[in-house]
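Here the structure is laid out as structure tokens; the discussion comes afterwards.
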Amino acid sequence: MPDQSLSPSLSLPAKFWLEPELRISFETAKRITAHFAKSFYFSASILPTDRRWATYAVYGFCRYADNLIDCPRDRTDAELYAEIEALRQELHICFRTGESEHPVMRAFAPVSQLYRIPIAYPLDLLKGVTMDMEQSRYQTFDELYVFCYRVASVVGLMMTCVLGYKDASAFEYAEKMGVAMQLTNILRDVQEDKDMGRIYLPLEDLQRFGIDETDIVQERCSPELRKMMQFQVERAHHYYDEGDKGIPLLPKESQYAISSASKIYRGILRKIEERDYNPFLGRVFVPQGKKMGILLGEVVRTKLFG
């Protein structure tokens, strides 16, 4: 955990994202965020400008790493491992030097130093990325929690470094928020994931509710499966409740962006509930108008009552 609150550690120009040698990389990171994380991008749009561009750099790196595995390409496992190892080595170098010629890392390198992001966080992310190559089932929720931490919580931890914090306990809540969001992704993508041969729902929970893997593979939405999905949705709500406790520990100007993100992602759970917990009716999403309403509501609430 970093030992600082709001003070950056590296001297960069005030508008560092506009520096000629960095601008293209920051613009690339922004486009990656807008394309792959519409809800996240929407919420980040109301952050202070410097922290907003730093957010793009963080997410751009995370998405690039994730896409090494998630984007279908004609590569052997050995070649994919080599790509991840090359990125790991580049991380070590850029954290030591503060620079990189990698198109995504070029923005992430100075941001990681400016906001004192520990290298353990992006390294954990790479461990999570490799888990998707090595593991397509999770026996217990404890196993799944490790995956959620590595692919989602560490993003929240890096974001906490960027946003600043009033108390170091903010990192504990950021971890819970990341788990909540990844559980939401898992529940939203049950159908898509099984088409790729992956079932993230803990096997112990399937067994406890009397569900076989074939029920998911063959898209049988039985009463038992609905009950199991309801259980998972309630579990995700619990982690949102825990994660939300950390929002007041952020600077006021950042609070409504994170509270908006929490509510928008939680809206996906509401959509699953509206479908009576059937995960086989296509991907659910929160409409743009609803996102705008949440965003404006959080801005007003935070400014008036925060």
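The values are calculated or read from the model by the stated rules, or taken from the named source; none is laboratory data. Fair warning: this is a prediction, and the values are worked out from it, not measured in the lab. Note: ideal-geometry Cβ built from the backbone for every residue, glycine included; neighbour counts use all protein chains shown.
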Given the conditions (1) touching a helix residue (DSSP H, G or I) at 6+ places or on another chain (Cβ under 7 Å); (2) modelled with pLDDT under 95; (3) closer than 17 Å to VAL154 by Cβ, and given that ASN67 satisfies all but one, which numbered condition is not satisfied? (1)
Do we have any residue at all in region 262-276 that's in the same structural domain as ALA180 (by TED's automatic domain parsing) and assigned to a loop (DSSP other than H, G, I, E, B)? yes
Hey, could you check region 111-164 for residues that are polar (S, T, N, Q) and in a helix (DSSP H, G or I) and say which is nearest to MET177 (Cα to Cα)? SER153
Subset of region 19-33, residues part of a helix (DSSP H, G or I), over 14 Å from the mean Cα position of the chain (by Cα) and not hydroxyl-bearing (Ser, Thr, Tyr), comes to PRO20, GLU21, LEU22, ARG23, ILE24, PHE26, GLU27, ALA29, LYS30, ARG31
Residues in region 247-258: is at least one assigned by TED's automatic domain parsing to the domain that holds ARG226, exposed (fewer than 15 other Cβ atoms within 10 Å of the Cβ), at pLDDT 75 or above and acidic (Asp, Glu)? no
Within 19 Å of MET196 (Cβ to Cβ), part of a helix (DSSP H, G or I), of a type outside the set (Asp, Glu) and modelled with pLDDT of 95 or more: is that true of GLY60 in this structure? no
Which one of THR55, THR49 is surrounded by fewer than 21 Cβ atoms within 10 Å (Cβ to Cβ), polar (S, T, N, Q) and either over 24 Å from GLU192 (Cα atoms) or under 21 Å from the mean Cα position of the chain (by Cα) (or both)? THR49
Within region 265-289, take every residue that is modelled with pLDDT of 90 or more and β-branched (Val, Ile, Thr) and give me the one that is farthest from TYR239 (Cα to Cα). ILE272
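From the list LYS252, LYS291, LYS227, which one is in contact with a Gly (Cβ under 6 Å, 6 or more places away or on another chain) and of a type in the set (Lys, Arg)? Outline the logic, then answer.
Details: LYS291 fails: in contact with a Gly (Cβ under 6 Å, 6 or more places away or on another chain); LYS227 fails: in contact with a Gly (Cβ under 6 Å, 6 or more places away or on another chain).
Going through LYS252, LYS291, LYS227 in turn, the sole match is LYS252.
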Any residue in region 12-39 that's in the same structural domain as MET181 (by TED's automatic domain parsing) and modelled with pLDDT of 90 or more: show its pairings with residues that are part of a loop (DSSP other than H, G, I, E, B) and surrounded by fewer than 13 Cβ atoms within 10 Å (Cβ to Cβ) at Cβ separation under 7 Å, as long as the two are six or more apart or on different chains. none
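Is it the case, given these coordinates, that ILE216 is surrounded by 16 or more Cβ atoms within 10 Å (Cβ to Cβ), over 20 Å from GLY178 (Cα atoms), in the same structural domain as THR184 (by TED's automatic domain parsing) and touching a helix residue (DSSP H, G or I) at 6+ places or on another chain (Cβ under 6 Å)? If you could, list the steps in order and put the result at the bottom.
Working: surrounded by 16 or more Cβ atoms within 10 Å (Cβ to Cβ): yes; over 20 Å from GLY178 (Cα atoms): yes; in the same structural domain as THR184 (by TED's automatic domain parsing): yes; touching a helix residue (DSSP H, G or I) at 6+ places or on another chain (Cβ under 6 Å): yes.
For ILE216, the condition - surrounded by 16 or more Cβ atoms within 10 Å (Cβ to Cβ), over 20 Å from GLY178 (Cα atoms), in the same structural domain as THR184 (by TED's automatic domain parsing) and touching a helix residue (DSSP H, G or I) at 6+ places or on another chain (Cβ under 6 Å) - is met.
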Can you give me the number of residues within region 100-131 that are closer than 18 Å to TRP17 by Cα and surrounded by 15 or more Cβ atoms within 10 Å (Cβ to Cβ)? 16
